[in-house]
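Let me begin by presenting the structure, written as structure tokens, before commenting on it.
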Amino acid sequence: MKAYVGATIITGTGEVLEKAALLVNEGKVVDAGERIDLPEEAEVIDMEGKYITPGLIDVHTHIGVFEEGIGPAGHDFNETSAAATPHVRAIDGINPFDQGFLDARAAGVTTVQIMPGSANVIGGEMSILKTAGTITDEMIVKSPSGMKAAFGENPKRVHGGKGKEPMTRMGVAAIFRSQLMKAQDYLKEQKEGTLKRRDLGMEQLAKVIKKEIPLRIHAHRSDDIVTILRLIKEFEVEATIEHCTEGHLIAEYLSKHPIRVSVGPTMTSRTKVELNDKGWHTLLELEAQCVPFAITTDHPVVTIEHLITSAHTAVKNGLSEQSALKAIMIRAAEHLGIADRVGSLEPGKDADFVIWSHHPFNVHANVMQTFINGKTVYGEL
């Protein structure tokens, strides 16, 4: 058992504890507070002047499937052989030795969701991992954690550019609808005992129909987001909106739907028409309308070490500090459906935490040490 005492502790839920203690044992948080009775057997570690936060969470990345520094050989995130590939799984393409994992730990990021890219209307299953380890299966927090889908320019460009469907937004929606209808029919035949042969893609997409996993749907433009809301209502499935670049244009409408969104990568350039209205104002409007959001880098589009930079920059542009921290801590965990394990320093949760030299939004702040399940995975004090 270890007690980290004298620090300023940012719990992840909006609470800030001064001269507080964090007590951890066997990979779990025992307690965090300003007045904790420390067990006699606890190893006491002085953290005076330091800051402690939960491990950061990036809800939308391609770490390990879009490897850095090796070119096309490391591009295992888009199976572009068809516009709908529900049969593929990100877990089968993750390289745990990708540099991105080390960069994540060095930046205090302890949990990431890794997903296929956005070339396809239906892109395949995704997984949530801790950022330390050498065996993918041992790093898993939840798998599958969702089914990737994508609307807008990406599937149009990749497949329409080959003269294949979808060539229009109508085509994107049609493929999406037909795939979910096919999954519904598959489940019906399975239930009735009339199923003649198994189909891996439908087996996996059926999990969406049964609400075992959500769709996580790439969309930048507001009209694409509205189309998605229409479709998920039609099929009565659960979903999150990924990117939500023009969410500020329809923030009030979004607030009327039970939907969570991730926003980012806002630090990237405006590389396509869908990003023309990209900016930090999206977060401000979503906050004003009480739409729950997480902040993402979409690594490696913006590299993972800039998750904290993104949150800090959002604050400099008017987002409340509390909302910015929650967007990479507890709100991010809620977005992923794993808030019972990570996202805050509360009793019983995984002992994933970061020791900082200064407040994480201070320009001089450095990650001094990162812990996952109570074990040091980066740095030495």
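The values are calculated or read from the model by the stated rules, or taken from the named source; none is laboratory data. Bear in mind the structure is a predicted one, so any value in this text is a computation, not a measurement. When we count neighbours, we look across all protein chains shown, and the Cβ atoms used for this are built from the backbone with ideal geometry, even at glycine. Heavy atoms of the whole protein, side chains included, go into the accessibility calculation; ligands, DNA and RNA do not. Shrake-Rupley method; radii C 1.70, N 1.55, O 1.52, S 1.80 Å.
Some points to look at:
- Pairs linking a residue in the range 172-192 that is open to solvent by 90 Å² or more (accessible area, probe 1.4 Å) to a residue that is assigned to a helix (DSSP H, G or I), with Cβ atoms under 8 Å and 6 or more positions apart or on different chains, are Lys182/Met202; Lys182/Leu205.
- With respect to the stated conditions, Glu68 is under 30 Å from Ile52 (Cβ atoms) and over 18 Å from the mean Cα position of the chain (by Cα).
- Residues that are charged (D, E, K, R), touching a residue at least 60 places away in the same chain (Cβ under 8 Å), within 16 Å of Lys375 (Cβ to Cβ) and assigned to a strand (DSSP E or B) within the range 21-57 comprise just one, Lys28.
- Taking the conditions (1) crowded, with 16+ Cβ neighbours inside 10 Å; (2) assigned to a strand (DSSP E or B); (3) out of contact with any helix residue (DSSP H, G or I) (no Cβ under 7 Å at 6 or more places or on another chain) in turn, Glu18 satisfies each one other than (1).
- Residues of the range 128-138 that are of a type outside the set (Asp, Glu) and either within 12 Å of Phe101 (Cβ to Cβ) or surrounded by fewer than 24 Cβ atoms within 10 Å (Cβ to Cβ) (or both): Leu129, Lys130, Thr131, Ala132, Gly133, Thr134, Ile135, Thr136.
- Considering residues of the range 277-300 that are in a helix (DSSP H, G or I) and open to solvent by 40 Å² or more (accessible area, probe 1.4 Å) only, the residue farthest from Glu68 (Cα to Cα): Ala288
- Within the range 258-274, being more than 18 Å from the chain's Cα centre (by Cα), open to solvent by 10 Å² or more (accessible area, probe 1.4 Å) and in contact (Cβ under 8 Å) with a residue 24 or more places away in the chain holds for Lys272, Val273.
- If the condition is being in contact with a strand residue (DSSP E or B) (Cβ under 8 Å, 6 or more places away or on another chain) and closer than 20 Å to Leu56 by Cα, then the range 4-17 contributes Tyr4, Ala7, Thr8, Ile9, Ile10, Thr11, Gly12, Val16, Leu17.
- Identity of the residue in the range 144-171, of a type in the set (D, E, K, R), touching a Gly at 6+ places or on another chain (Cβ under 8 Å) and farther than 29 Å from Leu129 by Cβ, that ends up most open to solvent (accessible area, probe 1.4 Å): Glu165
- Reported count of residues in the range 58-82, each being acidic (Asp, Glu) and open to solvent by 40 Å² or more (accessible area, probe 1.4 Å), is 3.
- Qualifying residue in the range 236-244 (condition: open to solvent by 10 Å² or more (accessible area, probe 1.4 Å), more than 24 Å from Lys142 (Cβ to Cβ), over 16 Å from the mean Cα position of the chain (by Cα) and not acidic (Asp, Glu)): no
- Test: residue in the range 66-87 that is of a type outside the set (Lys, Arg), in a strand (DSSP E or B) and touching a Pro at 6+ places or on another chain (Cβ under 9 Å): yes
- Scanning the range 301-320 for residues that are polar (S, T, N, Q) and open to solvent by 40 Å² or more (accessible area, probe 1.4 Å), we see that the one that is farthest from Thr110 (Cα to Cα) is Asn317.
- Search result, residues across the range 343-381 that are closer than 23 Å to Val315 by Cβ, part of a strand (DSSP E or B) and among the aliphatic types (A, V, I, L, M): Val354, Ile355, Val367, Met368
- Total residues in the range 1-15 satisfying the condition of being assigned to a loop (DSSP other than H, G, I, E, B) and touching a residue at least 60 places away in the same chain (Cβ under 8 Å): the figure is 4.
- Selection of the range 361-371 for residues being surrounded by fewer than 24 Cβ atoms within 10 Å (Cβ to Cβ) and closer than 22 Å to Leu102 by Cα yields Phe361, Val363, His364, Ala365, Asn366, Val367, Met368, Gln369.
- So Glu203, is it open to solvent by 20 Å² or more (accessible area, probe 1.4 Å), over 16 Å from Val121 (Cα atoms) and touching a Pro at 6+ places or on another chain (Cβ under 8 Å): no
- Meets criteria (over 22 Å from Ala332 (Cα atoms) and open to solvent by less than 20 Å² (accessible area, probe 1.4 Å)) for Asp92: no
- Of residues in the range 321-342 being in a loop (DSSP other than H, G, I, E, B) and in contact with an Asp or Glu (Cβ under 7 Å, 6 or more places away or on another chain), the one most open to solvent (accessible area, probe 1.4 Å): Arg341
- The range 88-126: number of residues that are over 16 Å from the mean Cα position of the chain (by Cα), under 30 Å from Pro360 (Cβ atoms) and part of a helix (DSSP H, G or I): 4
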